[in-house]
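Structure, as structure tokens:
Read-outs: derived from the displayed coordinates by stated rules, not from any lab. These figures come from a predicted structure and were not determined experimentally. Cβ: placed from backbone, ideal geometry, glycine included. Neighbour counts: every protein chain shown.
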Amino acid sequence: MTAPDAAPIHMKLRANGLTHHVVTMGAGPPIVLVHGWMGSAYHWRKLMPLLAAHHTVVAMDARGYGESDKPAHGYDGRTIVQDIRGIAAALGLPRYVIVGHDMGALPALLLAADHPEEVSGLVYVDEPLPGYNLDRFTAFTADNPFVYWWFPFNAQPHVPALMWSGKEAELVDYFLTAMTADPTAITAEDKAEYVRCLRKPGGLDGSFGWYRDALVTADQIRHATSLKIKTPVLAINGAYGHPGVGEQMALVAETVTSVTLDRCGHLCAEEKPQEMAQAILAFTAAARARNP
């Protein structure tokens, strides 16, 4: 698989009352990418060119991150859904595949559940399913050897930003190293970009916004998926990332394809971009075959 020569296009767009930094690349049926905690559109730098050979690819800095606005409130899933919809409308995308990684997978799922007329496919990447199983992974018990302790910690108002302020490099280095099967997949230059974004005014506090509203988002997901969604779902996880993403998606979706990336941790798009691109392109090709 080879990447196209086209360079990414950076722009600022107004959507849902905020200014968002958006990156686009390629041409064809659109795919919208939503990063996770500590990320930005930069998270997708390896994957975008591979998808752009066949698709228009759109990556956003979510609210609270990167070059986008960083409001004090509004980090629940359905508010972020309106951010995504506003960006898609501004770009003239009537229907698209939505890809969400980590905490970005939650609004991606809600978007597919609430607005199936706009979403042709959902790719849910390496994340628990709040509303269904988050307590299983955050419980401090003997049979849970790798507790997701940062969920309740990051949800505390003010305290996480206070504790990590001035230590953004240590935060990035610790988590990005712990979350990868091959830590060399994230270079010093990559870490410096994530640190730069977190050090912007409001960057740390904005990055924790999703966690402060995580239980609200969990309720939204539970209610939105009381009936299984009909939008086709591709569930992706790293072999050393979050376990059982396919099984948890089967709880909320009628049609699920599951892919586990070998020798990969949590940061699938950074560790195994070729393999992830192959899975997404096969998924989108199957969707087009069903609805030519």
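Provide the net charge surrounding R196, with neighbours chosen by a C-beta distance below 13 Å and charges set as Lys +1, Arg +1, Asp -1, Glu -1. Please report the intermediate quantities before stating the final value.
Numbers: positive: K191, R199, K200; negative: D61, E67, E168, E189, D190, E193.
Computed value for this residue: -3.
For the stretch 9-290, what's the relative contact order in percent, using C-alpha pairs closer than 8 Å and at least 6 residues apart?
Values: 579 pairs, mean separation 57.9, N = 282.
21 percent.
For the stretch 67-193, what does the alpha-carbon gyration tensor say about shape, rounded, prolate or oblate, given a ≥ b ≥ c as the root eigenvalues, a/c under 1.5 as rounded, and a/b over b/c as prolate?
Values: a/c = 1.67, a/b = 1.43, b/c = 1.17.
In terms of gyration-tensor shape, prolate.
Taking the Cα of A169, stepping 7 Å toward and past its beta carbon, and measuring to each backbone N in the stretch 183-226: which are under 16 Å?
Of the residues in the stretch 183-226, 187-200 have backbone N under 16 Å from the label point off A169.
Using Cα positions and a limit of under 22 Å, work out the lysines in reach of K272, with same-chain residues fewer than 8 apart set aside.
K46, K191
Once you sort the root eigenvalues of the Cα gyration tensor of the stretch 9-290 as a ≥ b ≥ c, which label holds: rounded (a/c under 1.5), prolate (a/b larger than b/c) or oblate (the other case)?
It is rounded, given that a/c, with a ≥ b ≥ c, falls under 1.5.
In nm, to one decimal, how far is the modelled label at A178 from the one at A239, with both set 7 Å along Cα→Cβ?
About 2.3 nm, to one decimal.
Can you give the helix-only mean residue ellipticity at 222 nm for the chain, where every DSSP H stretch with n ≥ 4 adds -39500 (n - 2.57) and the sum goes over all residues, rounded to the nearest 500 deg cm²/dmol? Provide the component values of the computation, followed by the final result.
On the way: 14 runs with 115 residues, N = 292.
Using -39500 (n - 2.57) per qualifying helix, the result is -10500 deg cm²/dmol.
Give me the distance between the Cα centres of the stretch 51-72 and the stretch 271-292, rounded to whole Å.
Between the Cα centres of the stretch 51-72 and the stretch 271-292 lies a distance of 20 Å.
All other residues with a Cβ under 14 Å from the Cβ of M163 taken together, and with Lys, Arg as +1 and Asp, Glu as -1, what is their net charge?
Details: positive: K167; negative: E168, E170, D205.
Here the count lands on -2.
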